[in-house]
Amino acid sequence: MKKIFLTLFFIYICALFTGCASLKEPEKKVQSVRLLFGGDIMAHKPNFNMKNHEKIWTSIYDLSRNADLSFANIEAPVDNDLPYSSYPDFNMHSEYPEEAIKAGFNVFSLINNHSNDQGLDGIKATYSWAEKTEAAHRHSERKVYFTGIKKDSSSAIECRLIETNGWKILFCAVTEILNRPDYRNYLYYVEPTKKGREKFLAQLEQFRRDNPCDLFILSIHSNEPEYIAEVSTDRRNYYHKILEKNVDIIWSNHPHIPREKEFIGNGATQSLEKAIIYGNGNLISGQRWEPDFDNPENPRDDTGDSYLLELVFEKDGCDGKPRIARHKTHYITTYINSNWEFVIKKLDDEFIQYLADSRSRRWSDYIRQRKQITEKTKETITWQ
C-alpha cells in the first residue's frame, strides 16, 4: 500500500512540474497574430483619375504591410471591359485595387450594396479577377484572399479558412443591403428580416462546427442609414447574438463614417476575447471633395476620416484560447494635396506639424480640429 502511495505521489509531483499548472511555471510557447481592419475602398472620380494610384497608400505602408492579415472592403465591381464609373453605379479597373494589395492589404470583402452595380457581367468579371489574383499570389510570402460573391447562382455562402503564423482563421463576408435586387443569387446576401437573420445565425453556428479554427471573423455590410454615427439597440443586440454563435470578430461597414468599437471581455480571466467594429469609415474615397474649412464639425466631413484597428491576438500552449493581447486605433484622413490628389495620411500631430511647416495653415487648422473630432469615436469594453 505504501509503495502504491509513493508511486501516485511521484506521478502527482511530476504532473505539477511538467503541466501548465506547475509549481515552477514552465516556458509557454505563445503564438501571436496581428490583424488590421480598414474600411471601404471607394472609387470616386478624384480617386481613379489619379495618374499614380500608389500615392494613395504610401503613408500607411508601415501599418498595412506589418500586419499578418490586413482587411478592406472593395466597394465596387472590378471590370476592365467597362469604363471607370463613380456614384451611383460604381466600377473600377483592376489597377486600382491592386495598389491596395501592393500596399499590404490581403484580405478583401467583395460584397456590399454596390456589388451588382454593373449587372451580371460586372459580378462575373469581379469573381474572375479575384480568382486570378489569388492564384497569382498563391506561392508568394503574402497570399491574398477574397470572398463575398459566388461563381454561379446555385452556390451557397461559404467561408474562407486562412492559415497564417500557426493560426487558423475563418473568414466570411456578407451584405444585408443591395441597391437593386438584380442577381442576388450570385451574392453573399442575408435578408435583414427576422427569418433571414435566424437562418443566418444557424449557418454561422454550423460554419464554426464544420471548420475548426482559432478565430472566426465575420464581415457585414450592414442595412443601416449612411452617415449616422449612433448604433441602434437592435443592431447592438443582433451583433451580440452573432458573437454567441462562436464568432470572434464582427467587422461591419456601410455608414461611411467612423463609428464605435466594442471589446468583449471575460470577467473571470479579465482578458479581452472578442471585438465588434460597428464601422471604420472610408479607407479612401472622394466624398469629402470640398472640405468645410470654416466648419470642420460639419457631419458630412466625417466621410474623410476613419480608422485602422490593429488587433494582436495571442494563444499559448495551456488552453490555446485566443485573447486580445493588444489593440490600437490608428486614425487616418483623406488629404487633398496641391495636385488635387486624394491620398491617405495618418491623422496625427506629425502630419499637422508638416502642414503648418508647409505654410498650409488652412489645412493644418482644419486637420487639427478633425483629429479632435475623430478621436472622440466611442470605444467600450463589455465584461461578461
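The values are calculated or read from the model by the stated rules, or taken from the named source; none is laboratory data. Just so you know, these numbers come straight off a predicted model, no measurement behind them. So basically every Cβ, Gly included, is an ideal-geometry build from the backbone, and we count neighbours across all protein chains shown. The area values use the complete protein model at the heavy-atom level, side chains included, leaving out ligands, DNA and RNA. Shrake-Rupley method; radii C 1.70, N 1.55, O 1.52, S 1.80 Å.
Rounded if a/c is under 1.5, else prolate if a/b is larger than b/c, else oblate: which is region 144-224, with a ≥ b ≥ c the root eigenvalues of its Cα gyration tensor? It is prolate, given that a/c is not under 1.5 and a/b is the larger ratio.
Other residues lying with their Cβ under 12 Å from the Cβ of Asn339 contribute a combined charge of +1, Lys and Arg counting +1, Asp and Glu -1.
Given the options Ala76, Ala100, Ala173, state which has the largest fluctuation in a GNM of the chain using a 10 Å cut-off (strictly under) for Cα springs. Of Ala76, Ala100, Ala173, the most mobile in the Gaussian network model is Ala100. Between the labelled values (i) 24.5; (ii) 22.2; (iii) 22.9, the entry that holds Kirkwood radius over Cα pairs in Å as derived from this structure is (ii). Within the full protein context, the accessible area of Glu375 is estimated at about 80 Å² for a probe radius of 1.4 Å.
Mean-square fluctuations from a GNM of the chain, with a 10 angstrom spring cutoff on Cα atoms, peak among Arg138, Arg359, Arg184 at Arg359. Compute the Cα gyration tensor for region 76-187, then decide on rounded, prolate or oblate, letting a ≥ b ≥ c be the square roots of its eigenvalues: rounded whenever a/c is under 1.5, prolate when a/b is larger than b/c in the other cases, and oblate in all that remain. Here region 76-187 falls in the oblate category. Just the number, please: carbon plus sulfur as a percent of the accessible area of region 206-331, 1.4 Å probe, no ligands or DNA/RNA counted. C and S atoms contribute 43 percent here.
Counting charges near Val247 (Lys, Arg +1; Asp, Glu -1) among other residues having Cβ under 11 Å from its Cβ returns a value of +1. The shape of region 175-281 comes out oblate: with a ≥ b ≥ c from the C-alpha gyration tensor, a/c is at least 1.5 while a/b does not beat b/c.
Heavy-atom accessible area per residue, the chain, 1.4 Å probe: how many Å²? Heavy-atom SASA per residue in the chain reads 48 Å².
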